[in-house]
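Notes for the one structure printed next.
None of the figures in this text is laboratory data; all of them are computed from the coordinates on show. All values reported here derive from a predicted model rather than from experimental measurement. Cβ sites come from the backbone with ideal geometry, for glycine too, and all protein chains shown count toward neighbours.
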Amino acid sequence: MAYSSHSNVPAPGFGTLGRFLLAPLRLIDGFFQSVVAANRFAHEVETLSMASDERLAAKGLKRDTLVADLAARSDLFRAA
């Protein structure tokens, strides 16, 4: 029998009230995860903007559409 740590069964005594009380913490966590993802994206844009045109071309990117191309490839801007 296989064991899975990803269970949808709540711990005893930790039902709807527990999820309600933890909702603000989940929102804060989501906010900080978004900030981290945005910082990674900005760093990637900054790093590639300093790259040569040949290096960008090797990655299939153009300098004038760099941000739009990276945004299209990123999970950060995809609808959930």
Peptides ranked, highest mean first, by Cβ atoms within 10 Å: ranges 20-31, 64-75 = 64-75, 20-31
Candidate cut points under GluC sites (Glu not before Pro) in region 43-80, DSSP loop plus at most 10 other Cβ atoms within 10 Å of their own Cβ, are none
Label-point separation in nm, R63 to V45, each point 7 Å along Cα→Cβ = 1.8 nm
Please give the contour-minus-distance gain from R73 to V35: 0.36 nm per residue of separation, less the Cα-Cα distance, rounded to one decimal in nm.
-> 11.9 nm
